[in-house]
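The values are calculated or read from the model by the stated rules, or taken from the named source; none is laboratory data. Quick caveat: nothing in here was measured; it's all calculated off a predicted structure. Using ideal geometry, Cβ is built from the backbone for each residue, glycine included, and neighbour counts are taken over all protein chains shown.
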Amino acid sequence: MVRAVLFDFNGVLVDDEPVHLALLQRVLGEEGVELSEEDYWSLYVGLDDRACFRTLLEGAGKAPTGPHLMRLIARKASYYQDWIRREGYTFFPGAPELVAGLSEAGIALGLVSGGLRDEVEGGLRQAGLRERFKVVVTAEDVDRGKPDPEGYRRGIELLNAVPPLPDRLLHPHEALAVEDTPAGLEAARLAGLSTVAVAHTYPKDALSGADHVVARIGDLEVDDLLATPV
């Protein structure tokens with residue numbers, strides 16, 4: 001029986017992956033490093049900013065220090081906040097309704113994202129969804145981003161530790177992860193969760209590692225998710 005659902009944020013609930021690409025290209029360009037659109041979609045989408053900047057700078061023959069990486073992440077975050085102030089968050093059709101429906105059905109909800117907390121929390125507040133999520137795990141909460149399972153393991157740990165406590169311990173095999181990238185699916189699988197993929201970012205055939213794949217999050221119904229074998 002499904003007792004919990006953990007969502008990714010960017011590319012699953014919020015349609016902003018092209019924005020992240022543009023801002024990564026902007027910051028990297030200021031550092032003299034190029035990032036092609038093809039490389040982003042094939043290699044880097046699904047990774048957190050720290051992993052993207054480190055990998056790309058190292059590939060360009062630069063050796064980024066920890067403080068340097070933090071400055072780049074902060075610069076991109078500043079550009080992102082400027083964009084949000086102008087445009088706001090764009091949620092995929094059906095995403096807020098699905099979250100609300102699961103919450104009203106008594107399902108414990110978590111969010112596991114490679115995004116920054118301010119960005120994730122801001123989006124949830126805009127949509128009136130923050131109180132629907134018992135736990136939110138973001139890039140600042142883990143040492144290793146997706147495809148490492150640390151974020152999902154942390155999410156399950158918090159679902160069991162944050163009041164109100166569950167009647168009995170929640171096990172990973174009783175939870176579903178909703179993801180849009182192979183890296184996210186791998187992280188959830190390694191943490192022991194069943195997976196549902198939405199083909200917002202990758203075509204369906206690239207998400208064959210998921211237990212169930214749909215074209216859009218709007219195609220998911222509460223009853224369908226709760227009936228997913230785990």
Item checked: Candidates Tyr80, Tyr40 - the one that is of a type outside the set (Gly, Ala, Ser), closer than 26 Å to Ala199 by Cα, touching an Asp or Glu at 6+ places or on another chain (Cβ under 7 Å) and surrounded by 12 or more Cβ atoms within 10 Å (Cβ to Cβ) -> Tyr80
Check: Of the residues Ala161, Ala199, which is free of Cβ contacts under 8 Å to residues at least 24 places away in the same chain, farther than 30 Å from Ala74 by Cα, out of contact with any Ser or Thr (no Cβ under 8 Å at 6 or more places or on another chain) and small (Gly, Ala, Ser)?
Finding: Ala161
Item checked: Leading residue by the ranking (surrounded by the most Cβ atoms within 10 Å (Cβ to Cβ)) among those in region 9-30 that are among the charged types (D, E, K, R) and in a helix (DSSP H, G or I) -> Glu17
Check: Among the residues of region 139-150, is any modelled with pLDDT of 95 or more and within 22 Å of Ala100 (Cα to Cα)?
Finding: no
Notebook entry, point to check: Hey, which of the strands (runs of 3 or more DSSP E) in region 155-230, taking only ones fully inside, have at least 2 residues that are closer than 15 Å to Leu6 by Cα and in the same structural domain as Leu98 (by TED's automatic domain parsing)?
Noted result: 175-179, 194-198
Next item on the list: List the number of the failed condition for Ala100; all other conditions in (1) aliphatic (A, V, I, L, M); (2) buried (at least 19 other Cβ atoms within 10 Å of the Cβ); (3) in the same structural domain as Glu131 (by TED's automatic domain parsing) hold.
Entry: (2)
Checklist line | Residue satisfying condition, being outside any strand (DSSP E or B), buried (at least 18 other Cβ atoms within 10 Å of the Cβ) and out of contact with any helix residue (DSSP H, G or I) (no Cβ under 6 Å at 6 or more places or on another chain), within set Gly115, Gly128 | finding: Gly115
